[in-house]
1. Can you list, largest first and rounded to whole Å, the semi-axes you get for the chain by taking the square root of 5 times each eigenvalue of its Cα gyration tensor?
2. Skipping prolines and chain starts, which residues have an amide H placed within reach, meaning under 5 Å, of the one on R55, given they are 5 or more residues away or on another chain?
3. Whole angstrom only: what separates the Cα centroid of the range 210-261 from the Cα centroid of the range 26-46?
4. Give the lysines reachable from K222 as a straight Cα distance under 19 Å; neighbours fewer than 8 places away on the same chain don't count.
5. Step through the residues of the range 53-67 one at a time and calculate ³J(HN,Hα) from phi using the Karplus curve (6.51 cos²θ - 1.76 cosθ + 1.60, θ = phi - 60°), rounding each to whole Hz and writing x for Gly and Pro.
6. Based on alpha-carbon centroids, what's the gap between the range 64-95 and the range 428-448 in Å, whole number please?
7. Could you order peptides 56-65, 473-482, 371-380, 354-363 by the average number of other Cβ atoms within 10 Å of their residues, highest first?
8. Check cross-link reach from K442 to the lysines: straight Cα distance under 16 Å, and skip same-chain residues fewer than eight apart.
Amino acid sequence: MQCNLYQMLYDGFREHLTDIALQLPTADDWSYADLHQHSARMSHLLATQTNVGDRVLVQVDKCPPAVALYLACLRAGVVMVPLNTAYTARELDYFIDDAEPSLIICRAGDGARISEQSSCTVFTLEEFHSAALTATEAEKIVPRNADDLAAIVYTSGTTGRSKGAMLSHGNLASNAKTLHSLWGFEAGDVLLHALPIFHVHGLFIALNTAFLNGSRILFLEKFDTAHVLDVMSAATVMMGVPTFYTRLLASPDFGPAHYAHMRVFICGSAPLTEPTFAEFEQRTGQRILERYGMSEAGMITSNPLHGERLAGTVGFALPGVEVRVCDDSGTSLASGEVGIVEARGPNIFQGYWRMPDKTAAEFREDGWFISGDMGVLDSDGRLSLVGREKDLIISGGYNVYPKEVELVLDEVPGIAESAVIGVPHPDFGEAVVAVCVTEKGKQLPAQSTLQASMADHLARFKQPKQLLAVSELPRNTMGKVQKNLLREQYRDLFSPTAD
Ligand code: MLC
């Protein structure tokens with residue numbers, strides 16, 4: 001049976017080939033026929049450069065050819081490895097070593113550097129796209145099984161080493177189909193898309209559901225409040241991270257003319273606070289639909305489209321997905337008890353790329369995935385997240401593990417040790433903050449010096465928004481740094497009312 005996700009998406013949009021697929025502010029729109037044809041040609045070119053199952057590393061700006069490339073990878077049966085455009089050359093080195101791609105497609109301007117960095121074939125997206133346009137159109141869609149890999153999505157790891165979550169055609173297809181139906185996609189729906197397309201949220205959740213529906217996508221390069229407001233009145237569905245919603249609320253211009261036609265505002269990737277939920281409802285009359293997911297699982301739970309959407313909860317397990325809350329040994333806890341969220345279903349990834357031990361540690365023998373998030377189920381099966389077991393910081397929807405930042409800071413001359421924490425931030429939800437102990441008799445280097453030392457090593461969003469010097473870090477009797485005390489101490493660092 002053909003389980004290639006492209007086949008399913010094509011079946012969704014084939015009746016809409018002459019309709020606009022990607023609507024751009026520049027009016028350079030792409031129809032579904034354009035996406036179908038360009039991806040066919042790109043897939044043909046991919047087939048001349050790679051074998052089925054090879055990894056193709058992609059670090060490109062958000063634009064229509066990048067979307068065609070995603071579809072081409074599916075069609076050609078290669079495994080796309082999308083990378084955040086904020087990653088530095090050093091970070092890229094790690095991904096090249098780890099994923100061992102046979103092809104890299106990058107931004108204009110990065111081609112020469114990456115060719116030096118890697119022995120595999122490198123194209124800029126522009127080069128690849130123009131070369132593909134001269135290629136034959138390959139109608140072919142490579143047959144794939146449900147468990148064949150479609151993508152590897154890297155997520156930060158507790159140890160500072162990123163892990164590649166392997167997602168199969170079946171994983172992505174199950175989520176796309178379920179969410180398309182659960183969120184009530186219907187004829188005439190128009191999706192406002194301002195998310196990046198190198199993560200699960202913007203790439204798979206947003207694009208795949210819209211493709212299945214043959215929907216027009218208002219395709220914005222990034223979230224810029226003014227640009228979003230310019231186009232919002234034409235949209236019926238928006239998906240975003242909480243920062244999108246706090247930025248909309250911060251805009252005095254945001255009014256009924258913008259949201260009157262909006263069928264549903266969907267939010268995820270980071271916790272939506274109850275005040276934001278309430279203020280949004282008060283301002284617009286709309287209750288934001290919060291859902292919960294992660295790179296390893298796509299979407300896991302969602303508040304209902306028609307039932308009650310409750311602030312502070314992430315709703316119910318998606319149809320076909322099981323969710324439970326367990327103690328450390330994997331024993332289910334009663335409703336009302338806090339424990340680790342575990343999930344099982346067709347959406348759960350195939351494991352971490354070349355990390356069998358890590359994979360084994362995060363799965364129970366009977367297939368339950370141990371998410372690492374702490375949660376509690378109510379008696380109706382509604383899940384609320386109450387914190388994270390691990391040290392993870394979520395800044396503007398991006399995950400940052402402190403260890404990775406600490407390893408870089410500890411190399412900076414003058415810093416003896418550091419503790420990196422997340423503290424509340426009005427725009428990003430949480431901000432990365434570093435608390436540093438300086439070497440004896442030394443001062444904390446100037447912020448600009450520190451920033452410069454980190455620039456080569458860490459993507460901008462991982463770099464601390466503030467560095468603080470202390471004489472010592474609080475430790476428990478075992479000698480472990482008590483980050484909870486630091487988080488408490490600095491919780492008001494970015495509060496608008498803080499001194
Ligand atoms: C940008 N910066 C960030 C940042 N994004 N810093 C911390 N956290 C972030 N998320 C930096 C910039 O480099 C810049 O640095 C400064 O902060 C201000 O930039 P900006 O122009 O205001 O930021 P902007 O480009 O508007 O981006 C903010 C954002 C964006 C929140 C709109 O980060 C975003 O689109 N986030 C979405 C992430 C996402 O899609 N996550 C899904 C993961 S999938 P300087 O110092 O140079 O000025 C997943 C599964 C699931 O989690 O469930 O969905």
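1. 35, 28, 24
2. V79, S102
3. 25 Å
4. By straight Cα distance, K222 reaches K62, K462.
5. For the range 53-67, the Karplus curve yields x, 5, 8, 10, 7, 10, 10, 9, 6, 6, 6, x, x, 5, 5 Hz.
6. 33 Å
7. Peptide ranking by packing, descending: 56-65, 371-380, 354-363, 473-482.
8. none
The values are calculated or read from the model by the stated rules, or taken from the named source; none is laboratory data. Everything quoted here is computed from the prediction, not taken from an experiment. With ideal geometry, Cβ positions are generated from the backbone for all residues, glycine too; neighbour counts draw on all protein chains shown. All accessible areas refer to the heavy atoms of the entire protein, side chains included, with ligands and DNA or RNA removed. Shrake-Rupley method; radii C 1.70, N 1.55, O 1.52, S 1.80 Å.
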